[in-house]
Amino acid sequence: MRSVILSCVLPVTVALAAPLGLVGKAFGAEPDRQFFRSVEGKWVGPGEIIAGKYKGTKFTCNFNGSTPDGKVGMSLDGDCRVGVFTQKMSATVERKGREGYKGNFMGGSAGNGLDIIGGNVVDPQKVVFTINRNQLNGVMQARIPDDNSMTVTVAVRVNKQLVPVIGMSLKRVDSVEVGSIAKN
């Protein structure tokens, strides 16, 4: 009797969960893998500090996006430049089983950055990670609305409200030089 009930209820549950995006979460990590694969490649673009002591500071970043072999996650490594000064920048995150996503931004709290302590892939175009350093809590969101653009926003919690502090608009760049001349 139990198997008869399950065989009737399970297909209905899956049919109802599919439009809500619950099937991918329950039965596999394909939307997660799809998002992280879309990060692979070279990215460049401007950013700005939106709030805080250095509000209004503009910078330009160059990143290489990659995914770890056999794992669900990503790395963005590169640098950002303000005038003549360049700062190495990196973010790494991996799925750690039932613990969810773990990683770091700028070396984590052991270095000069933040720990990534959780998060999820909302859909194949958006991910939100929870970030932390001592009493500082917030989120890092990355959105890839199309194949060639990505926006990254870092927001921190101030008085129970999330305040955006860093924003970046990145474009994918090909390794092929535009306008290069072939040798004869």
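The values are calculated or read from the model by the stated rules, or taken from the named source; none is laboratory data. Fair warning: this is a prediction, and the values are worked out from it, not measured in the lab. Don't worry about glycine lacking a Cβ; one is built from the backbone with ideal geometry, like all the others, and counts go over all protein chains shown. Ligands, DNA and RNA are stripped out before the accessible areas are found, and what is left, the full protein with its side chains, is counted by its heavy atoms. Shrake-Rupley method; radii C 1.70, N 1.55, O 1.52, S 1.80 Å.
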Could you compute how much accessible surface Arg157 exposes when probed at 1.4 Å, giving the result in Å² to the nearest 10? 120
With the cut-off at 18 Å, tell me which of the pairs Lys42/Lys102; Lys42/Lys171; Lys102/Lys171; Lys42/Lys88; Lys55/Lys171 have Cα atoms farther apart than that. Lys42/Lys102; Lys102/Lys171; Lys55/Lys171
Quick one: which of Lys53/Lys160; Lys96/Lys126; Lys58/Lys126; Lys58/Lys96 span more than 26 angstrom between C-alpha atoms? Lys58/Lys96
Would you mind counting up the charge near Trp43? Only other residues with Cβ under 9 Å from its Cβ, with Lys and Arg at +1 and Asp and Glu at -1. +3
Just to confirm, what accessible area per residue do you get for region 28-87 at 1.4 Å probe, in whole Å²? 58
Suppose a student asked you for the relative contact order of region 26-184, using Cα pairs under 8 Å spaced at least 6 residues apart; what percent would you report? 19
